[in-house]
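S.K.: Structure in structure tokens, see below.
The values are calculated or read from the model by the stated rules, or taken from the named source; none is laboratory data. Please read all numbers here as calculations on a predicted model, not as lab measurements. As a convention, Cβ positions derive from the backbone with ideal geometry for all residues, glycine included, and neighbour counts pool all protein chains shown. Side chains included, ligands, DNA and RNA excluded: accessible areas come from the protein's heavy atoms. Shrake-Rupley method; radii C 1.70, N 1.55, O 1.52, S 1.80 Å.
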Amino acid sequence: MTFSPKACSLLLVVLAAVCIQLYDAQFVPARCNCQGTIKFTAEIISDFQVFEKSPNCDNTEIIITLQEDNVKRCLNLKGKLANAFLQCWNRINKDESQKMTCLNRRNKVK
């Protein structure tokens, strides 16, 4: 059983394409939620989410939702506002049902 040079070339190209696809499938790029951050906002915050470091993202991320227009913003972790939310989040033991404690405290201080 002999293969023509064209058949061998085609087989090698297909095999190389499959190998490249398998190689690329092994690497999952980091997918963080936040591309840009803010340190402070004077607007009322209606909700926040804390995303801990994960295999998909090397950063802890805090995303706030502004009450006026429901826009989501990412907080800079070096800012005082982010630190206040993180401290409160840890104080309530990361309990989603107690998030209002952190929001009420922040909105009163404003």
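S.K.: Kindly evaluate Glu43 against the criterion of being touching an Asp or Glu at 6+ places or on another chain (Cβ under 7 Å), at pLDDT 70 or above and among the acidic types (Asp, Glu).
M.R.: Values: touching an Asp or Glu at 6+ places or on another chain (Cβ under 7 Å): yes; at pLDDT 70 or above: yes; among the acidic types (Asp, Glu): yes.
Spelling it out, Glu43 is indeed touching an Asp or Glu at 6+ places or on another chain (Cβ under 7 Å), at pLDDT 70 or above and among the acidic types (Asp, Glu).
S.K.: Please find, among Lys78, Lys110, the residue that is surrounded by fewer than 15 Cβ atoms within 10 Å (Cβ to Cβ), within 12 Å of Phe40 (Cβ to Cβ) and at pLDDT below 90. Can you show your working first?
M.R.: Working: Lys78 fails: at pLDDT below 90.
That would be Lys110, the only listed residue that is surrounded by fewer than 15 Cβ atoms within 10 Å (Cβ to Cβ), within 12 Å of Phe40 (Cβ to Cβ) and at pLDDT below 90.
S.K.: Just checking, how many residues over the stretch 20-32 are among the polar types (S, T, N, Q) and either outside any loop (DSSP other than H, G, I, E, B) or modelled with pLDDT of 90 or more (or both)? Write out each step before concluding.
M.R.: First, the residues of the stretch 20-32 that are among the polar types (S, T, N, Q): 21, 26.
Among the residues that remain, those that are also either outside any loop (DSSP other than H, G, I, E, B) or modelled with pLDDT of 90 or more (or both) are: 21.
The qualifying residues number 1.
S.K.: Of everything in the stretch 44-75, what is among the acidic types (Asp, Glu) and open to solvent by less than 40 Å² (accessible area, probe 1.4 Å)? Give them in sequence order. Quick ask: steps written out before the conclusion?
M.R.: From the stretch 44-75, those among the acidic types (Asp, Glu) are 47, 52, 58, 61, 68-69; that's our starting set.
Residue satisfying the conditions is Glu61 alone.
Here's the yes/no breakdown for (1) farther than 17 Å from Arg31 by Cα; (2) part of a loop (DSSP other than H, G, I, E, B):
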{"site": "Phe48", "(1), (2)": "yes, no"}
{"site": "Asn59", "(1), (2)": "no, yes"}
{"site": "Asn70", "(1), (2)": "yes, yes"}
{"site": "Cys74", "(1), (2)": "no, no"}
{"site": "Leu86", "(1), (2)": "yes, no"}
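S.K.: Quick test of your reading of the structure: Thr37 fulfils all but one of (1) of a type in the set (Ser, Thr, Tyr); (2) open to solvent by less than 70 Å² (accessible area, probe 1.4 Å); (3) modelled with pLDDT of 90 or more. Name the failing condition by number.
M.R.: Exception for Thr37: condition (2).
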